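Participant: Before anything else, here's the structure in question.
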Amino acid sequence: MAMTRVFETDVIIIGGGIAGVCSAYYLARRGARVSLFERGAVGTQASGVNFGGLRTNGRAEPELPLSLRARRQWQKIEALVGDSCETEITGHVEICDRPEHLAAVEQWSVMAEHHGVGVQMLTGAEVARRFPWIGTKVLGGCFVAGDGAANPRLVTPVFAIAARRLGAGIYEYDAVRTARHDGTCFQIETESGTKARAPILINAAGAWGARLAAQFSEIFPLDVMAPQMVVSEPFPRMVTSTVDYPVNGRFFYARQIGRGNLLFGRGPGRADLDTGRAKYVPQNLFDASRIAVDVLPFLRGRNFIRSWAGVEGKSPDSLPFLGRSRAVGGLIHAFGFSGHGFQLGPGIGEVVAELVLDGRTSTQIEGFDPYRFEVPSKPMQAQTA
């Protein structure tokens, strides 16, 4: 009979997406004993199947301080983790073909410049000259040169390797079965029978974050979503920046990777929290493909070879739940990144490490207050469960 592992640690992290793994990395860098538990392999849900965009362009103002902090980390990622993760700083352009959209983007750019984003507003003629591969005639655009992209298949696993080198324990394929607080410490037990205790627990469970919070009698409104991606056959590189384009209230976004394939997305797939699986929706794939050919006419006649979707959690305002629990001392929530948490990952890790080790963070996260929605809590039962 295998022996059951029972151990004590400084911090338990539940969830092996980019938020949890980066938190493990930055905590371990500062000398904390960290144990992270993931039901599958790290980075296999939303963190590993997303668009890979490193975007500050168009961010809601509450996210900009965290996004800019993360951008500084992405700019030195190879020095941090020993691998570039195919990170490219190629810029990001949002194009506008309606006066009301252009006016909104101009207003955003003024706000963003107060935060130091580095925004260039472009006329329609300038867009056509700088990005001749965009086939749609536009009124103008907003370009951020400091944005880019990375390979999401690589990033979270590489951060996990770096965290392990620093001494973090990262346990894959071992789902947490129970989590409770005994009045002093958190206690978790996994499917393998592993038991761990720690004074701090990080809820980085992604789309399952609200379910984990409910074990501590905290109720947060979280929907499930499934961002859907499409990739083309490779061809000579010509798309020099990431492009965003709103169509009927939903953004189309595209970029070309170093191997020549064009990656683009628009429209959701279907996700199931109970199975942990997501499926693409064929009609949304066809709609995205038609838009891709309209925006990027050189795609006409090329093959689109693969589509997929991932499981992600979405809050009512599309901002994350990031901060300390009011109900249980030592519990920190970091979930609900609503389809745009990939770029934030290194910033999330640093912020969580500061909350744990310093009791506060130097980054403004007030807009992510987990209690900004009025949701009644359940009676406190999990403390003694």
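Participant: Cα centroids of segment 87-114 and segment 330-373: how far apart, whole angstrom?
Facilitator: 25 Å
Participant: To continue, here is another question. Pop a pseudo-label 7 angstrom from the Cα along the beta-carbon direction at both Arg372 and Asp294 and give the gap in nm to one decimal.
Facilitator: So the two model labels end up 3.2 nm from each other.
Participant: Please state the charge dipole magnitude for segment 243-385, taken about the Cα centre, from unit charges on C-beta atoms (+1 on K and R, -1 on D and E), reported in debye and rounded to the nearest 20. Let's see the in-between values first.
Facilitator: Numbers: 17 positive and 13 negative charges, 139 e Å.
For segment 243-385, the charge dipole is close to 660 debye.
Participant: Let me ask something additional. So how strong a dipole does segment 187-251 carry about its Cα centre when Lys and Arg Cβ are +1 and Asp and Glu Cβ are -1, to the nearest 20 debye?
Facilitator: Result for segment 187-251 is approximately 120 debye, rounded to the nearest 20.
Participant: A further question follows. If segment 239-376 were replaced by its equivalent ellipsoid, with semi-axes equal to the square roots of 5 times the Cα gyration tensor eigenvalues, what would those be, largest first, whole Å?
Facilitator: Over the Cα atoms of segment 239-376, the semi-axes work out to 36, 18, 13 Å.
Participant: Could you order Arg255, Arg39 so the one with the most accessible surface comes first? Probe is 1.4 Å.
Facilitator: Ranked list, largest accessible area first: Arg39, Arg255.
Participant: What residue among Val231, Gln73, Leu27 has its Cα farthest toward the positive end of the dipole of the chain, where the charges are +1 on Lys, Arg and -1 on Asp, Glu, each on the Cβ?
Facilitator: About the Cα centre, the residue reaching furthest to the positive side is Val231.
Participant: Could you tell me the ratio Rg/Rh of segment 60-215? Both radii from Cα atoms, Rh via Kirkwood. Intermediate values should be presented prior to the final figure.
Facilitator: Numbers: Rg = 21.8 Å, Rh = 19.5 Å.
So for segment 60-215, dividing Rg by the Kirkwood Rh gives 1.12.
Participant: Suppose R0 equals 56 Å; then what is the FRET efficiency for Arg197 and Arg270 from their Cβ-Cβ distance, rounded to the nearest 0.05?
Facilitator: 0.90
Participant: Compute the distance from the alpha-carbon center of segment 155-173 to that of segment 227-258, in whole Å.
Facilitator: Taking the Cα centre of each part, segment 155-173 and segment 227-258 sit 30 Å apart.
Participant: Taking segment 169-225, which chymotrypsin sites (Phe, Trp or Tyr not before Pro) meet the DSSP loop condition and have no more than 16 other C-beta atoms within 10 Å?
Facilitator: When the chymotrypsin sites (Phe, Trp or Tyr not before Pro) of segment 169-225 are filtered for loop state and at most 16 Cβ neighbours within 10 Å, Tyr173 remain.
Participant: Helix-only mean residue ellipticity at 222 nm, the chain, DSSP H runs n ≥ 4 weighted -39,500 (n - 2.57), per residue, nearest 500. What is it?
Facilitator: After summing the helix terms and dividing by the residues of the chain, the value is -8000 deg cm²/dmol.
Participant: Counting Lys and Arg as +1 and Asp and Glu as -1, each charge on the Cβ, what is the dipole of segment 94-204 about the Cα centre in debye, to the nearest 20?
Facilitator: I would put it at about 400 debye.
Participant: Dipole of segment 242-385 (Lys/Arg Cβ +1, Asp/Glu Cβ -1, origin at the Cα centre): which of Gln343, Phe286, Asn303 lies farthest to the positive side?
Facilitator: Asn303
Participant: Moving to a separate point now. Given a 1.4 Å probe and heavy atoms of the protein chains only, how would you sort Glu78, Glu86, largest accessible area at the top? Present the calculation step by step, with values, prior to reporting the outcome.
Facilitator: On the way: Glu78 110, Glu86 80 Å².
Of Glu78, Glu86, the descending order of accessible area is Glu78, Glu86.
Participant: Another question, then. Would you kindly find the accessible area of Lys314, with a 1.4 Å probe and non-protein molecules such as ligands, DNA and RNA excluded, rounding to the nearest 10 Å²?
Facilitator: 70 Å²
Participant: Would you kindly give the portion of the calculated P(r) for segment 159-308 that falls above 22 Å, as a percent of all Cα pairs?
Facilitator: Counting every Cα pair in segment 159-308, those more than 22 Å apart make up 58 percent.
Participant: Using the charge dipole of the chain (Lys, Arg: +1 at Cβ; Asp, Glu: -1 at Cβ; taken about the Cα centre), state which of Pro199, Ile89, Tyr173 has its Cα farthest towards the positive end.
Facilitator: Looking along the dipole axis, the top candidate is Tyr173.
Participant: Still on this structure, I have one more. At 4 °C and 1.567 mPa s, what whole-number value in µm²/s does Stokes-Einstein give for the translational diffusion of segment 190-253, with Rh from the Kirkwood sum over Cα pairs? Provide the component values of the computation, followed by the final result.
Facilitator: Details: Rh = 16.9 Å.
Answer from the Stokes-Einstein relation: 77 µm²/s.
Participant: Would you rank Thr240, Thr87 by solvent-accessible area, highest first, keeping every protein chain in place and using a 1.4 Å probe?
Facilitator: Greatest to least solvent exposure: Thr240, Thr87.
The values are calculated or read from the model by the stated rules, or taken from the named source; none is laboratory data. Model, not experiment: these values are computed from the prediction. Cβ sites come from the backbone with ideal geometry, for glycine too, and all protein chains shown count toward neighbours. Surface areas here come from the heavy atoms of the whole protein model, side chains and all, with no ligands, DNA or RNA. Shrake-Rupley method; radii C 1.70, N 1.55, O 1.52, S 1.80 Å.
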